[in-house]
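Asker: Here you go, one structure.
FYI, it's all coordinate maths here, none of it is from the lab. What you are looking at is a predicted structure, and each value in this text was computed from that prediction instead of being measured. As a convention, Cβ positions derive from the backbone with ideal geometry for all residues, glycine included, and neighbour counts pool all protein chains shown.
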Amino acid sequence: MTDIGIIGMEVYFPNTYVDQEELEVAYGVGKGKHTIGLGQHKMAFASDREDINSIAMTVLSNLVNNYGIDWKDIGRLEIGTETLIDKSKSTKTCLMELFKNSGNHDVEGVTTYNACYGGTNALFNTLNWIESSAWDGRYGVVIAADLAVYSKGNARATGGAGAVAMLIGENAPLVIESSIRSSFMDNQYDFYKPDPNSEYPTVDGVLSQNTYLNALTKCYAGIKSKSLAHGKEDISLKDTDYFCFHSPYSKLVQKAFAQLYVEDLNQGVLTPSPELQEKIEETKGNFKDKALNKLVTKESKTLWNEKTNMSLHLGQNCGNSYTGSLYFCLMSLICDPTVDLTDKRVLLFSYGSGCASSMFTIRGNAEYTQIRDTSDFHDRLGNRIKKSPEFYEEIMAER
């Protein structure tokens with residue numbers, strides 16, 4: 001088995017959205033609170049005509065049709081989601097409706113969940129299946145899909161909706177380097193859903209951000225160590241071509257990138273400017289200092305624009321798709337016309353509250369452009385229907 005990874009990708013998002021500038025006015029928050037403070041532009045949302053099963057079926061159907069796959073050639077299907085509408089029946093079993101005409105019922109995998117991490121766990125499980133003696137030579141498919149909704153308050157603007165389907169197999173144009181990955185698991189209550197009668201989560205915003213950044217630094221240290229132990233190239237902001245992060249909102253991704261910049265500064269991988277060095281000495285290296293943090297963000301901006309900013313296009317215009325969020329970033333990177341992933345390495349960070357997190361790498365080859373050529377998400381983004389904040393609130397009340 002050679003070059004196991006992503007052969008094809010498909011994204012889906014509802015055709016209705018609400019504008020974040022209009023939400024700022026409707027919610028009575030300051031101008032720029034959502035667009036600058038969160039870094040978000042538009043937020044996709046589903047009406048009562050869609051649920052997690054239907055959007056997962058849509059993205060799977062599109063993947064199979066657009067890549068000309070025979071339903072009989074899929075041997076494993078696993079979906080990561082936290083949008084459960086049944087506490088026992090797996091969303092994956094609903095997807096089997098699409099396999100009936102082919103007569104293929106020999107399809108391993110069910111639904112896996114842990115907040116926003118389920119899609120990555122499904123991906124790792126599928127890679128393990130292909131690399132194992134249980135593999136029967138067929139494709140694996142991974143779906144990451146969610147409808148993200150919040151109760152009234154500051155968090156409501158960080159909702160969103162979307163689904164990603166990935167075709168996994170040999171001789172892939174996006175090779176997943178499964179020998180180099182690092183995980184960090186911990187017991188936290190930063191975001192969870194304790195009430196079975198409500199789809200709204202309980203969120204501690206400050207704890208969630210701190211837990212995310214702590215998991216990020218632990219995974220970064222781990223993957224650096226493992227990469228060197230395997231005799232691979234060093235992993236750093238300087239030596240890695242592109243970065244994709246789980247993105248609840250874009251500003252957190254920028255904070256995450258700045259945090260990695262700090263880690264590389266501390267290890268001597270990057271050299272600070274005289275101005276930054278002076279501020280580091282003045283604050284005794286306390287990167288929680290606001291002035292120092294602001295200077296780090298400013299100094300890392302060039303690398304940020306070169307390696308990460310372009311990956312946020314889908315997330316900024318669809319909002320948070322929970323398990324799909326990281327893979328929306330990867331799809332944005334793949335389909336950016338200014339980006340060439342041929343012989344390039346992408347570092348991905350996946351995070352799910354609670355918490356579960358992993359960091360892994362993907363390498364592209366020249367054939368990856370077939371994914372870009374197959375996708376039509378730019379056209380679909382432009383053809384969506386804008387709805388008013390009042391209509392959005394009606395939909396939330398109706399749910």
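Asker: Please grab the % of Cα pairs in region 230-375 that end up more than 25 Å from each other.
Answerer: Details: 3487 of 10585 pairs.
In whole percent, the long-distance tail amounts to 33.
Asker: Given the pairs K152/K294; K33/K218; K255/K288; K89/K152; K42/K251, which span a C-alpha to C-alpha distance of over 21 angstrom in this model? The partial results should precede the final answer.
Answerer: Details: K152/K294 31 Å; K33/K218 30 Å; K255/K288 12 Å; K89/K152 29 Å; K42/K251 14 Å.
Where the Cα-Cα span goes over 21 Å, the pairs concerned are K152/K294; K33/K218; K89/K152.
Asker: Under a Cβ-Cβ cut-off of 13 Å, what is the net charge of the residues other than I130 that fall near it, where Lys and Arg count +1 and Asp and Glu count -1?
Answerer: Taking every other residue near I130 into account, the sum is -4.
Asker: Shifting gears a bit: Using the per-residue mean of other Cβ atoms lying within 10 Å as a proxy for protection, in what order, highest first, do the peptides 363-371, 243-251, 23-31 fall?
Answerer: Details: 363-371: 18.1, 243-251: 25.1, 23-31: 13.8.
Those peptides, ordered most packed to least, come out 243-251, 363-371, 23-31.
Asker: Let me ask you something else. Within the P(r) computed for region 97-234, what percentage of the Cα pairs occupies the region above 26 Å?
Answerer: On the way: 3950 of 9453 pairs.
So the pairs more than 26 Å apart make up 42 percent of the total in region 97-234.
Asker: Helix-only mean residue ellipticity at 222 nm, the chain, DSSP H runs n ≥ 4 weighted -39,500 (n - 2.57), per residue, nearest 500. What is it?
Answerer: Numbers: 14 runs with 148 residues, N = 399.
Computed ellipticity for the chain at 222 nm equals -11000 deg cm²/dmol.
Asker: Applying the Karplus parametrisation 6.51 cos²θ - 1.76 cosθ + 1.60 with θ = phi - 60° to the phi angles of region 194-200, what ³J(HN,Hα) value in whole Hz is obtained for each residue in order, glycine and proline being reported as x?
Answerer: x, 9, x, 8, 9, 8, 7
Asker: A further question on this structure: Identify which of the listed values of semi-axes √(5λ) of the Cα gyration tensor in Å was calculated from the structure shown: (i) 32, 27, 19; (ii) 41, 30, 26; (iii) 71, 21, 19.
Answerer: (i)
Asker: Could you tell me which residue out of N266, I334, L23 lies farthest along the dipole of the chain toward its positive end? Charges go on the beta carbon: Lys and Arg +1, Asp and Glu -1, centred on the Cα centre.
Answerer: N266
Asker: Follow-up question, since we're still on this one. Report the antiparallel proportion of the DSSP beta bridges in the chain as a percent, rounded to a multiple of 5. Before the final figure, lay out the partial values.
Answerer: Values: 40 of 58 bridges.
Within the chain, antiparallel bridges account for around 70 percent of the total.
Asker: Can you list residues whose amide H is under 5 Å from T112's amide H, if they're 5+ apart or on another chain and H is modeled 1.01 Å from N?
Answerer: Amide H neighbours of T112, under 5 Å, 5+ apart: I79, G80, T81.
Asker: Determine the relative contact order of the chain: mean sequence separation of Cα pairs under 8 Å and six or more apart, normalised by residue count, in whole percent. Please list the in-between numbers first.
Answerer: Numbers: 802 pairs, mean separation 103.1, N = 399.
Relative contact order of the chain: 26 percent.
Asker: Starting at the first residue of region 174-183, write each ³J(HN,Hα) from the Karplus equation 6.51 cos²θ - 1.76 cosθ + 1.60 with θ = phi - 60°, in whole Hz, x for Gly and Pro.
Answerer: Listing the rounded values in order: 10, 8, 8, 7, 5, 6, 10, 7, 9, 10 Hz.
Asker: At q = 0.13, 0.20 Å⁻¹, what log₁₀ I(q)/I(0) does region 1-143 have when each alpha carbon counts as one equal point scatterer in the Debye sum?
Answerer: Those come out to -0.68, -1.23, one per q.
Asker: Another one. Roughly how large, in nm² to one decimal, is the mean projection of the convex hull of the alpha-carbon atoms in region 240-318?
Answerer: Mean projected area of the Cα convex hull: 5.3 nm².
Asker: Continuing with the same structure: Ranked highest first by the average count of other Cβ atoms within 10 Å around their residues, in what order do 118-124, 13-19 fall? Write down the numbers at each step before the final one.
Answerer: Numbers: 118-124: 27.4, 13-19: 21.1.
Descending mean neighbour count gives 118-124, 13-19.
Asker: Report the GluC sites (Glu not before Pro) located in region 187-283 that are in a DSSP loop and have at most 13 other Cβ atoms inside 10 Å of their Cβ, or state none. Each step should come with its number before you reach the end.
Answerer: Numbers: sites: E199, E233, E263, E275, E278, E281, E282; in loops: E199, E233.
Loop-located and lightly packed - E233.
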